[in-house]
Every structure is written in structure tokens, then in C-alpha cells.
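Have a look at the structure below, then the notes.
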Amino acid sequence: MKTLVRIFLFFILLTGCTQREKHFLNDKTYRDQVHEQFLHRQSLLTNREAAMLSVFDDNTLTVEQQEALEFLYAYMPLCDLADYDGKFFLDQVNAALKARDYFSWGKTIPEDIFRHFVLVYRVNNENLDTARMVFFDELKDRISGMSMEEAVLEVNHWCHEKVTYRGTDGRTSAPLALVRTGWGRCGEESTFTATALRAVGIPARQCYTPRWAHTDDNHAWVEAWVDGKWHYIGACEPEPELDVAWFTAPAKRAMMVHTNVFGLYRGPEEKNLETNLYSKINLLANYAPTRQLKVNVRDTAGRPVVGADVRFKLYNYAQIYPIAESKTDSLGNTSLLTGLGDLVVWANKGAYYGYLKAPSGQNEIVVELKYQPGETYDEKMELVPPVEQKIKPVDESKIVENAGRFAYEDSVRNAYMATFINQEQANVLAKENGLDQELVWKYLHSSQGNWKEISNFMKTNRTNPYLFEFLASLSEKDLRDTPEAYLNDHLNEGTVTEITSQYSKDKNFVSKYILSPRIGIELIKPWRSFLNAKFQFSKKEVTPAGIIDWMKKNIRIMDAENYYNCAITPIGVAELRISDSRSRDIAFVAACRTYNIPARLEPSTSKPQYFEKNRWVDALFEAPSPEVVVQAQVTFVNSPANTIKPQYEIQYTIAKFADGDFVPLDYYGDPALKTYPATISVDTGYYRLMTGSRANDGSVTTFTDYFVLKANEKKVLDIEMPEVDGKLKVMGIVDMNTIVQLKDGNKNTLKDLSNGKGLVLCFIDPDKEPSKHILQDFPALQQEFDAWNGGIVFMTPDDKLSVAFDASAFKGLPKQTVWTVDSGRTLLKSVSNTLQLNFQDNFPLTLYLSKNGGVLFFSEGYRIGTGENIIKTVRLEEALE
């Protein structure tokens, strides 16, 4: 009844007030579409009506506020319907309208651009907070009187004062949590920067290349709308001009750049995907040369296949990764605007699948659905990325001026980070509370700007026997952004009642699978006390089967409605009673742990499981009852022909066939695969083993083996790395008698630093992400570099020295690593001349020199796997001597 009253009142408001109040949605047809979608979303809020819909009862709301709020409700993902309230979203509306009216550019922004790229509170899959309001207050005076272009550049400088790049896990921290920490990965930096720009009324969107073609990994950045045109910037990496960034050259080799657009979008860009809630738009033409790749899908009889799923893929991290997806039309056709490199086009429907390489020079292909699961075969394939292109240099004086600002901004951030607890203070805290000093410092150091919350948690729970095992179950990001009260909810609520004696002897097991709030990579919330209070069941009467049965009856699954892939909290699932499958699985694990039942998401497949009779049992929501899945055993063996030790999700993966495609198992970083032979247990089924080697030009050669695993089978898989071009070419000569200045002030020659062998020489810009990537690349091959024992020299031009850079943060570098300074870029200029390279600060510049100074390998700019290519060059050099 309340809902009907609200609809009636809103109708009266629209018909009675529109003559004296302005609309937020001026196009009536569009406004009606939004309202219809709003009514649909409103129907999902039966169990959260008071929290979400009472905000509309405020009779002081203007038509503009009402329509803006309706627009947000109409298209927001399930996670936002479930985990926030109406006041939060009204505050977001008011902040956006306030910024529009405050800044001069607000009146120049078209309605649709403002609607989709300023009003919308969510950038991607980040946890939401009140950053928009906080950032507005901090920035409004700083950018007062500036042009829109000047404001974009200045906001990015402010962002760099707050946040710099450092790799971290896949959960996207809320912007204010990132401020507290001082650093984050590119997806977090770009979310942060887009939020800051929207906070001051500047349209902004996060752009992604889902995977690079010429190197492993991906990247995210920001586009800002300035005076009628979109421009790109490196998030938290300010440059003196728009459309200048370290990734300019890599982006010219991209095969896809896209962004998600919230709501019904009518913009001019090509859409890779359009749903009733959002669109995924193709931005590649803004960055790289393109081609329209047309695909026709046919069956083995030559008939067009209607409604086939088509995925456009490229090689990255030892798998062929989808960069775009679509369905075929009534003639079996689909197409994609993509780059000038090779793709693998995968299609499937029903029991059949097919695929074909689409070379860069071919714009039309026919994919035949000729395979069925169970067919065994192997194949070799070479994939070539778009060619490298030169970029326009930036005026040197602007670079120098910008570097000065960088240094100041680093000092601002460092001054804040210097307020974090130090080891001496941590030792005092440990001593006063009778705690282990080494463990206290370990967790307080990891907590960064959240150290006060974690120190209070330790003091509160200093006598709890599970304290440190509990902290060990958390991720480093949890330590950086979880309040003390939330952690107390789980440790105290979980240990109030006696843990079943069956598990109590193993404190690590109890902490990880019963007490811990960490399940997947979702944000930690105090769900344990909430679930206890809401359901009030006796712990003894709750069983996994009972939880599964309750969820199947009471939780409606609507995967497409949670399109940003941001997990709903267990509290949100219990309240809304609607969920996507992944959030439902997390909620199942949470419910089990609340009632002292050990549970987890299986690490390689993310299937929900509970522990019973000394084994992990799958919770199968689509089956009549839980059951144990029959497994097989796989042993990976390192081929003697390999020049390096293959690493999972770097040089090889294993993938299981499901729903028409192969899904890689997630064993990245698993200790079981650190040494060879390496054995894992997996479900029976149809599998694909893929290995790949990347050449210096970015091209890839792959070996693929398709096979079946039967019940209790023990299969040995030989991990053989494909050979790439086996010739060494001397590309220039560097004088090995060159004297370099070490970081400690001493001097030495390149010859002495080479230890009588070859030398890795890497010029870096320590403030930029690509240089930090290479410093994370080398530790993975520490054992190989240590055994080789040639020289490794990281060199920073003196104009790129940064007080913010801490080399000690990069653990596991080879033992022979030395840090040097290139005064006046003397050696960098000499090397550039030797290679006939017009170097434009496209750091890092990495070379491998023979003991005589011959350049046998070099790599410029952003590239994952440089260390691997150097080791391959070393091995080939040794074989040819």
C-alpha cells in the first residue's frame, strides 16, 4: 500500500509542479522509460522498503531531486539496493547538483553527459563511501577560477598528493580508504580520480584495456570531458597536458579499450554490450588504429547459427582471455571494432563449440562449430600483437616543471605516511599488552593508515587465544580498511560459544574457516552478529543442508541484475532476499561460519564448500542435495627443454570446460605448484592445458592440449615452453668501462658490476607504474637470476629521483641488484644513441648486455615478463658460446 501511495504522490508532484520546477530528465520519452524501469526495480525492494523508499516520502524534494533519484534507483546494481539506504543516495544526488551549480562549467555540460558521468555515484566495483562530499570540500577552493582543462590537471595533482601506485589484490577499496592507505593499484587509482573529478562536477569515466596484446596484464585510466570532448589522463599520475601518459604508446597497440556506462545510454560510441541496466562502450578508436572484424558462425552443415555466444580473445597470462562478447544475429553474424593484431574468435551453442584465429590483415572470418566436449587433440598457434608506434614528445620545460610538482606532492604524501606507527612504537605496544613483538609489528606495519584500528583490536583481544591466527586469516587490504568494531564482531561473537572440540585443536583451521570474516574478496562487514540476531537458531540444530535448503527457498538468484560484479554482503543478501550466485555463495559460507560449521570458497574454482567427516563437500544449489564430486589427479612436470621454471598463470594454465568454454582454474600463487613435480586434485571433466612463450616483439607462441580426466585417473602433464626465435642479434654496443655512481655514493664500472658475465641495465622512473611493475617482475625469477650471478643494475636519472620511492618495499630482488644514479642522463643518452632510439621518457628502458657490452635484448616502456625474456636471452647466449 505504501508503494502505491508513493507512486500516486509522485505522479501528482510531476503533474502539479513541473510548470514551476525544472526537470532533471527533460526528454519526456526518456523520462517515462526511466520511470518504468524504476517501478521494476522498486518491486525488488519488498524486504528493504523502509530503508530504500522512505526517502521519497520527503515532501520537500524537488522534481529535479526526485527524477535524479529515480534514475539512480532504476539502474543501480543489486549490491547497492541491498547494502545502502535511500539517504545515502539522496546525499549523492544533492552533492552532484551542488557541484554543478557551484562551478562555472556546470552549466555547459549536456544533460546526458552530466546524468551518466557526474551524477552516478559508482565508478566501477568499488565499495561506496561519502568521498564525493569530502573531496568537494577539499578541492573547491583549490580549483576556484580555473578553466575546465586546468581543473582536470589540478585535480589529478591533488590525487597524486593522496595516492600513488602499488600492486594489491582485486577488491577495489573505497576512495576514502585509499586516502587512508596512500596507495593502490591502477583500478583503484582510476576509481579514486574519477570520483574526485565527479565531486567537482567534471564528467569522468574509468577506461580499461581488459588485457594487453603485446604484454601480460591490463590497465585502467580516466577520461575527463572538457569543453565538449573526452580526454585521457593517467590516474594519480599527473602530466603537464591532457592526453599525455606513460601508457600512450601501449594504448596504440591495444585491441580493446572500453568503459561501463550506468543506465540507458544514447551516446555516439559503439556498444560492445547493451542491457536494460547499463552499456559497455567501445573507446578503442580514441587510442589506436582499428578494423571492423566481421564474424559468421556456422554449423558443420554450413548453416548459420543464430544466437551463438561469441567471444573475442587474446593471449594473456597463459590463457586466451575474452576482451569482448556478443551473440550472433538471425544470419549467424556479429562483429567487433578492434585493433590491428591477431585475435582468437571463440563461438559456442548447445553442445558444440568452434574457434579460429583472426589475423590482423583479415576482416571477415567464418567460425565452424565442429568440436564437442571430450575430443582430444593438441595444437600450436602464434599470435601477433599490433606493431609499436611512436608518440609525440612533450615540451622538455613542461616535463621539468611537472617533475618539481611531483616531488612536492610526494613529500606531502610521505609526511602523512610518516604518521603511521613505527616499529619502536609497535614494540612498546606489544610489551605493554604481553604480545609477540614480531607479530604485532607485522600486522601493524601492514595496516598502514588503519593502524589505530588494528592496534585497538589487538589490545581489546590480547588474551584471546585465536588473536594472531585470526589476523593471519585476513588479507593485507582487510588490515588497511576494516574498523576494529567489525573485527570484534567476528572474533568475539565467534568465540563466545565453545568451538566444537572436533576442530578446536587446530587454531589455524578454526580461525581460517570458522572465525574469519574473509571469504572471497568482498568487503568485510559485521555479518556474524547480524545473522545470529536475525535467525536466533541454536548452533547445534543448524546443518549445511538446512542452510542450503533455506537459501534455495528464500533467496532469488538474479545474476544479470548485479552487473558491476561487486559482491552483496551477507547482511544484504539476508535483507533483500535477492542475490547473484557469487554473493549467495559467500552468504552460505558466512551462515555456516556463524553456526560454527567450517566453510570456504574452494580456492581454484570458488565453489562453496563445507567441512564434514574430514573432507570438503560441495554445496550444490542447483542439485537436489549436496554431494561429493569425484576427482582425478594431475601432476605437472617441468620439461628438461625449458630455460626457465614455468609458473602457473604466467607460463601455463589448466582450464575446465563449462557452459561452452574453458574456464581456467585459479592456482596462482598456490604453494602446491611452487616446485616440480607438482600434484593437484581436480574434478573430472574435459580440460585444456595451455603454455605460452612471448617473444621480444610481444608476439606469442602457444602449445595447447585438450584432454579428458576420468574418475580417479592420475595424469602426468609435461609443461613444455614453446620455442620462439632462437637467434641472437647484437643491436648496439655499450662501453662496459663506463663508470656509474652507486646509490651509496661510491663508483664502479659496468664491467665490474657484471661479475665477468652479462649485465642487466634498467633505467627506471620510480614514480611511474611501469617501473614498479618491472621491480615486481624480477622477484618471480630470483632463483634463476641468483644462479646466473651476472650484474643487475637499476639506474634512475637524477631528474627522476623521488624521495617517495622506497626500494626496500620490493622484496625478493636478485642478490646482485645494485641501485645507481645517472647524472644528467649521460648513460641513458649514450644508450639511446647506440640503439638509434628516440627515447621519450617511455620508462623503463631495459637492456641485457653481453660481457663485451653487446646489446642482445632491450625493452622500452610497459611490458610484463621482461625478466623472463632476459633469462631466455641469457640461456640462449650460454648455449651459443
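The values are calculated or read from the model by the stated rules, or taken from the named source; none is laboratory data. Values in this document were obtained by computation on a predicted structure and should not be read as measured data. Positions of Cβ are generated from backbone atoms using ideal geometry, with glycine treated the same way; all protein chains shown enter the neighbour counts. The protein model used for the area step is the full one, side chains on, heavy atoms only, and it has no ligands, DNA or RNA in it. Shrake-Rupley method; radii C 1.70, N 1.55, O 1.52, S 1.80 Å.
Relative contact order of the range 716-824, taken over Cα pairs closer than 8 Å and 6 or more residues apart, is 29 percent. Residues whose amide H lies under 5 Å from that of Asn316, counting only those 5 or more places away or on a different chain, are Tyr321; hydrogens are built 1.01 Å from N in the peptide plane. In terms of overall dimensions, the range 143-284 has a Cα radius of gyration and Dmax of 14.8, 43 angstrom.
Once backbone amide H atoms are built at 1.01 Å from N, Cys207 has Trp221, Val222, Glu223 as its partners under 5 Å, excluding neighbours fewer than 5 places away on the same chain. Summarising the amide proton neighbourhood of Trp183: residues at separation of 5 or more, or on other chains, whose placed amide H is nearer than 5 Å comprise Thr164.
Annotation note: GluC sites (Glu not before Pro) in the range 696-794 located in DSSP loop regions with a Cβ neighbour count of at most 16 within 10 Å are Glu713, Glu723.
If you place +1 on the Cβ of every Lys and Arg, -1 on the Cβ of every Asp and Glu, and leave all else neutral, what size is the dipole of the range 641-777 about its Cα centre, to the nearest 20 Debye?
Computed about the Cα centre, the dipole is about 440 debye.
The mean of 1/r over all pairs of different alpha-carbon atoms in the range 131-182, once inverted, gives a Kirkwood hydrodynamic radius of 12.3 Å.
Can you tell me how the chain classifies by the Cα gyration tensor, rounded, prolate or oblate, using a/c under 1.5 as the rounded cut?
On the way: a/c = 1.30, a/b = 1.21, b/c = 1.07.
Rounded, since a/c falls under 1.5.
With all protein chains in place and ligands, DNA and RNA left out, the 1.4 Å accessible area ranks Ser397, Ser54 as Ser397, Ser54, largest first.
In the range 597-671, inverting the average of 1/r over every pair of distinct C-alpha atoms gives 14.9 Å as the Kirkwood radius. In the chain, helices alone account for a calculated mean residue ellipticity at 222 nm of -10000 deg cm²/dmol, with every DSSP H run of four or more residues adding -39,500 (n - 2.57).
When +1 charges are put on Lys and Arg Cβ atoms and -1 charges on Asp and Glu Cβ atoms, the dipole computed for the chain relative to its Cα centre reaches about 1140 debye.
The charge dipole of the range 306-465, taken about the Cα centre with unit charges on the Cβ atoms of Lys, Arg (+1) and Asp, Glu (-1), comes to about 400 debye, rounded to the nearest 20.
Across every direction, the projection of the convex hull enclosing the Cα atoms of the range 510-635 has a mean area of 8.6 nm². Over the C-alpha atoms of the range 245-301, the Rg to Rh ratio, Rh being the Kirkwood estimate, stands at 1.10. Using θ = phi - 60° in the Karplus curve 6.51 cos²θ - 1.76 cosθ + 1.60, the 3J(HN,Hα) couplings for the range 597-614 round to 9, x, 8, 6, 9, 4, x, 8, 10, 6, 6, x, 9, 10, 9, 8, 6, 6 Hz; x is entered for Gly and Pro. Of the residues Pro483, Asn737, Val261, the one whose Cα sits farthest toward the positive end of the charge dipole of the chain, with +1 on the Cβ of Lys and Arg and -1 on the Cβ of Asp and Glu, is Pro483. A convex hull fitted to the Cα coordinates of the range 402-556 yields 150 cubic angstrom per residue. Scaling the Cα radius of gyration of the range 627-725 by the globular reference 2.2 N^0.38 Å produces a ratio of 1.10.
Along the charge dipole of the chain, which of Gln33, Leu337, Leu801 sits closest to the positive end, that is, farthest toward it, with unit charges on the beta carbon of Lys, Arg, Asp and Glu (+1, +1, -1, -1)? Of Gln33, Leu337, Leu801, it is Gln33.
With Cβ to Cβ distances under 13 Å as the rule, what net charge do the other residues near Ile557 carry (K, R +1; D, E -1)? Computed value for this residue: +1.
The average projected area of the range 176-252, computed from the convex hull of its Cα atoms over all directions, is 5.7 nm². For the set Thr29, Thr684, solvent exposure ranked by accessible area (probe 1.4 Å, protein chains only) runs largest to smallest as Thr29, Thr684. Applying both filters, DSSP loop and at most 15 other Cβ atoms within 10 Å, to the trypsin sites (Lys or Arg not before Pro) of the range 795-829 gives Lys811, Lys815.
For the range 663-780, the alpha-carbon coordinates run over 63, 33, 29 Å along the three principal axes, in decreasing order.
Provide, for q = 0.17, 0.19, 0.22, 0.26 Å⁻¹, the log10 of I(q)/I(0) from a solvent-free Debye sum over equal Cα point scatterers in the range 17-93. Values, matching the q order: -0.63, -0.79, -1.04, -1.35.
Look at the dipole of the range 64-116 built from charges on Cβ: of Tyr73, Ala96, Gly86, the Cα furthest out on the positive end belongs to Ala96. Applying a DSSP loop filter and a limit of 16 other Cβ atoms within 10 Å to the chymotrypsin sites (Phe, Trp or Tyr not before Pro) in the range 518-599 leaves Phe537. With each label modelled as a point 7 angstrom along the Cα→C-beta vector, the Lys715-Ser330 pair spans 4.3 nm.
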